[in-house]
Amino acid sequence: MRPRLHTVVHLCAAVLAAGSLGTTLYNGVEERGAALAFGVLITVGELTRRNGTRIREAAPLAAAGALSYALLGETAGAPTRHGAAQVVTVVLAASLLGSVPHVGRGDSPTLDPPARRVLTVGCVAVCFQPLYNRGTLDDWGGPAHALLLLALLSLTALCDAVLAAALAHSRTGWPFLPLLRDELRSVPGIGAAVIATGAVMALGVAVVGLWALPVFSVPLLLAQLSYRRYAAVRATYRQTIASLARATEIAGYTPAGHARRVAALSRAVGRDLGLTEPELTVLEYAALMHDIGQLSLVDPVPAGATAVLPVPEQRRIALLGGAVVRQTGVDPRVAGIVEQQADPHPEQPLAARIVRVVNAYEEKSREGGPGGPLTALEELRLGTAEGYAPEVVEALARVLARNTEGA
Amino acid sequence: MEVLPARARAYVACVTAAALICLLPPPGAPTPWRAVALLAAVYAGCERLARSRLVAAPHPGGTFHPVLLAAAFLLPPSAAALVALPGALLLSVERRPYLTRRLWRGGQLVLAVWAASRVHLAAGGRDAVTDCDVPGALAAAGAAVAVFCLVLTLLDGGILALTAGVPPRGGRAGAPDAWWRLFLRSLVPLTVHGLAGLMMALLWRSPYGPVAALLVLLPMGVSWWAFAQYHRERAAHQATIRALVQAVDIKDGYTRGHSERVGRASMMIARELGMDDERVEVLRFAGILHDVGKLGVPTRLLTKNGPLTPEERRVIELHPEYGHEMVRGISFLGEARAAVLHHHERLDGSGYPYGLAGGQIPESARVVAVADAFDAMTSTRSYSRARPVPVALEELRRCAGTHFDPRMVGALVRAIGRAGWHPAVTADDVRSTAAPEPAAPVTDRPGARR
């Protein structure tokens, strides 16, 4: 069997780490004070890592500290002598040390972040340290040096985004380009803050010595805090939308868990069709609330199954739902999708097609009993003329096949 | 409509005049024009960007203090003050009177930057920055930031006192305490801005020059952007919760506005009992969402005229459980979820759904029960006319101990006795109380509408 990409990447990272460790052990650690200070900074940064929130860079301080150590050429005016191997060793040791409490708390350790960290830091250090120590960069003094660091870090950030997208692609099988787009989208935000802090820290240490580390990490910590609050309020918002969606279940209009299942499956199908993260969020909200129009009905639809209703009735419910969603102050695109979920598929936006197909699949497979899912898929394939978009049905089939494989 | 009192105009004029004096360069000292121009352009540009639609911030202004503080740490006082001027004068203001507001913003910043720069100079900060002596530079910068914050707070408090006619007052605390809290609230962010300003100053004086210094602004800008997003998302979230409640109001025509009012009354009780701000906010949500389960009750029953059959009554009495089922997944609501489930319990155990008695009923539910009953009595329902507030309070006091917790009833009576009951108040006014802005005293002047 062909080795998967993430295995190859992990192997590369392991080889680099082992080589660096061996070299450092053989040569000994230069400038222990600086190594210790940066090690402590990276460890602290790792300790503040929070996984699970939908933030690209979960430990920005550790990333910035690692990059600035790789770019360190002077400490308070005196040139440094540590090489690339020592940089990788210190970063790796500090990262592992900082992740001990997380592992102890029972979070399963993942190999991707440390592998990426080792590779990017190793790349920066190998590009910078030998050239600097040999004096090739002496012509690049003053402001040019700052710009050089910035350019090097930006290039690395781009490579890291490609690497991250490739890893996610190889792990999950989701299409590569949308993943890359999502990774690149975070570069102007927290990614830029990490790059700028990495460069500024290296320059700051060069000017004032190790004092710069605590002082210069404050703005980044602030950024991390703001991002975390943003993520927290987004999570809360999701919960509220999901609760609003459950109103129809509690009122007895739809079966329990229907909205949640349609949302989860729609998200998977949307990802397979290459939607980006913001589009997926809109799709998820629309899928959660797709049945909300039924609240305005006097009598419940039997079992909440809207897919078997006559089309004009389906559209009426969709319009009612759109009106309710519009009032909630959610992104207006969500209301648009809810309104258009019963339109013929050539006129629908992609998200509305997905909601329609997944909703129909969910209802049909539930009715069908044990063999339901297969029959439902078959019916959708045959019924593509009736308003189910063929490309979405195929994407659904792929997602379902992947789920059964994984199970 | 925003007409400033004459004394406020005079105050603004005085501040402007003082600022002009500060801007005069001392004779013999050359002004470093290039640095001033660069920093002023950066400041104005950053503030402009913060107001653009790209970021769409809810609370514009006062964001790029690091630039001003860096100027205060680098330049002579009059030159540093000049840096704030273009940004403060040129950027748009949202409300009338435009010219006065611009002058005010400019004068305030000029005075604050000048004072900070003066203090920094006196504390020997310039030499510390040039020699890269970090402890010395930190101490001088700390003193300068404290003065910066003090000047801003005093000037702000002054204009508030003159326009609103009252000194800033926070809740029941005394005036000096409120000033002190106003100072502390702005001191924390300004300390971070001061650190960033110091970093800029250190790098500016280094061989790497202004290019490296400007890089410091990037993390600050990013964190500020995330903060603006946080506020936007939070506002959207509040709108969604309100929509959830409106859905109930639409179903149950007679209770229009009931949820918001119960939220307000719950909040008054919680404040009166001395709960902390976070808990008060949770109880407000508890009041707002207490009837959300009515979404699950058929509309026919909710709007039925005339007596309900026992069967129908049982269906309606399911609404606390429906409501709890809906909100139990929303983790930030905390104890508000218990309030939704138990707001129809009675102290003697005769309530529903579980017939809990006394201390078994969660405190939040006891608060909401009193607020709910009070609003039900003072608003018109299908089965009864609205009763006057004193009659309703008397009725609550009569039922205290059997139906309601006397502590909560007492708190409501005291709170209404002091601040009155303004049922017309809209939810948008209430929202700002979660994080009291300096302008808050203007809106809840005591006794205004008793």
Q) Do we find that residue B:224 is assigned to a helix (DSSP H, G or I), over 30 Å from residue A:78 (Cβ atoms) and of a type in the set (Phe, Trp, Tyr) in this structure? A) yes
Q.
For the stretch B:397-415, check the following and say yes or no: at least one residue is within 18 Å of residue B:257 (Cβ to Cβ) and of a type in the set (S, T, N, Q).
A. no
Q) Of the residues B:368, B:389, which single one is in the same structural domain as residue B:305 (by TED's automatic domain parsing) and either under 21 Å from residue B:319 (Cβ atoms) or touching an Asp or Glu at 6+ places or on another chain (Cβ under 6 Å) (or both)? A) B:368
Q. Which numbered condition trips up residue A:311, out of (1) more than 14 Å from chain B (Cβ to nearest Cβ); (2) in contact (Cβ under 8 Å) with a residue 40 or more places away in the chain; (3) touching a helix residue (DSSP H, G or I) at 6+ places or on another chain (Cβ under 6 Å)?
A. (3)
**Q.** Residue count for the stretch A:195-234, restricted to those that are within 7 Å of chain B (Cβ to nearest Cβ) and within 23 Å of residue A:120 (Cβ to Cβ)
**A.** 11
Q | Positions within the stretch B:323-354 being of a type in the set (Asp, Glu) and surrounded by 23 or more Cβ atoms within 10 Å (Cβ to Cβ), in sequence order | A | B:345
Q) Just wondering, is there one or more residues in the stretch A:44-56 that are modelled with pLDDT of 85 or more and farther than 21 Å from residue A:232 by Cβ? A) yes
Q: Determine if the stretch B:127-139 includes at least one residue that is hydrophobic (A, V, I, L, M, F, W, C), away from chain A (no Cβ under 14 Å) and out of contact with any strand residue (DSSP E or B) (no Cβ under 8 Å at 6 or more places or on another chain).
A: no
Q: Being surrounded by fewer than 24 Cβ atoms within 10 Å (Cβ to Cβ) and within 8 Å of chain A (Cβ to nearest Cβ) is the filter; apply it to the stretch B:182-210 and report the residue that is farthest from residue B:153 (Cα to Cα).
A: B:207
Q | Hits in the stretch A:155-204 (condition: under 30 Å from residue A:141 (Cβ atoms) and charged (D, E, K, R)) | A | A:160
Q.
When the residues of the stretch B:327-353 are narrowed to those that are over 30 Å from residue A:234 (Cα atoms) and in contact with an Asp or Glu (Cβ under 7 Å, 6 or more places away or on another chain), which ends up nearest to the other protein chains (Cβ to nearest Cβ)?
A. B:353
Q) Is it true that some residue in the stretch B:119-128 is in contact with a Pro (Cβ under 7 Å, 6 or more places away or on another chain) and within 21 Å of residue B:195 (Cβ to Cβ)? A) yes
Q | Among the residues listed as A:245, A:263, the single one being in a helix (DSSP H, G or I), more than 10 Å from chain B (Cβ to nearest Cβ), touching a helix residue (DSSP H, G or I) at 6+ places or on another chain (Cβ under 6 Å) and within 30 Å of residue A:174 (Cβ to Cβ) | A | A:263
Q) Tell me, which residue of the stretch A:185-194 that is touching a Leu at 6+ places or on another chain (Cβ under 8 Å) and more than 7 Å from chain B (Cβ to nearest Cβ) is farthest from residue A:164 (Cα to Cα)? A) A:194
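The values are calculated or read from the model by the stated rules, or taken from the named source; none is laboratory data. Quick caveat, the model's predicted, so the values are computed rather than measured. Heads up, the Cβs are rebuilt from the backbone with ideal geometry, glycines too, and the neighbour counts pull from every protein chain shown.
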